[in-house]
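One structure is given below, encoded as structure tokens.
The values are calculated or read from the model by the stated rules, or taken from the named source; none is laboratory data. Quantities reported herein were computed from a predicted structural model and do not represent experimental measurements. Virtual Cβ from ideal backbone geometry, glycine too; neighbours counted across all protein chains shown. Areas reflect the complete protein model, heavy atoms only, side chains present, ligands, DNA and RNA absent. Shrake-Rupley method; radii C 1.70, N 1.55, O 1.52, S 1.80 Å.
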Amino acid sequence: DALRMIRDVSCAIDECHGYNIYYKDIHLNNIYRSCDGIYKLSDYGSCGWDFQSDAISMRKRVEASKWFMAPETYNTDAFDIESAVYSITLSLYFILNDFTLPFQSKYGAEVALQKRCNGDLITPLCLHFNEEINDKINALLLKGLDYDRSKRFQGISEYLECIDDILLSLVTQDYSLCFNKHGILNS
């Protein structure tokens, strides 16, 4: 369900971007599930609207949660679709890593933020799937969280292709997962 949520949010971010609405405040507190089971964005007060086609030109106009920002957004306030991919991917990482951001359990929140924003390498997660699924999810996480924007997914379409491939692989497996405050448990 976490991947389906990230897929729905990615589609919403892409739709906003198509209307030149730049939704920077991407994190779990701004996502809700509608009655029809679709995950949607909330809190559009943090959005910027620009008539320019290049979102990277937006600077110091839109506030967002520093904990889920892409390094370039945190460091220079630059934001584009690759920055959004970073924030979406970080939300998935957060869920799959027992609701803990990269480096946070070892260094605390502030140092962890600095390590991410300085380009320290994020390590793959130890997940509770078979090796093929683990590799696919970690490839998605590491590419989506690459410090270098040019090495991230180049647009939502490419990102969705990777998510869809993982979801298709999961359909062929027999998994039943549940989340609790201690992480993911197989059942």
Q: State whether one or more residues within region 158-175 are modelled with pLDDT of 95 or more and in a loop (DSSP other than H, G, I, E, B).
A: no
Q | Number of positions in region 77-106 that are at positive phi and of a type outside the set (D, E) | A | 2
Q | Count of region 119-142 residues which are in contact (Cβ under 8 Å) with a residue 40 or more places away in the chain and open to solvent by 30 Å² or more (accessible area, probe 1.4 Å) | A | 3
Q | region 52-80 residues that are assigned to a helix (DSSP H, G or I), paired with ones that are modelled with pLDDT of 85 or more and surrounded by fewer than 16 Cβ atoms within 10 Å (Cβ to Cβ) (beta carbon under 8 Å, 6 or more apart) | A | W67/A109; P71/N118; P71/G119; Y74/K66
Q. Does at least one position in region 47-65 carry a residue that is of a type in the set (D, E, K, R) and modelled with pLDDT of 85 or more?
A. no
Q: Take Y86 and decide whether it is open to solvent by less than 20 Å² (accessible area, probe 1.4 Å) and either at pLDDT 85 or above or of a type in the set (D, E) (or both).
A: yes
**Q.** Positions within region 74-105 being more than 10 Å from L145 (Cα to Cα) and among the hydrophobic types (A, V, I, L, M, F, W, C), in sequence order
**A.** A78, F79, I81, A84, L92, F94, I95, L96, F99, L101, F103
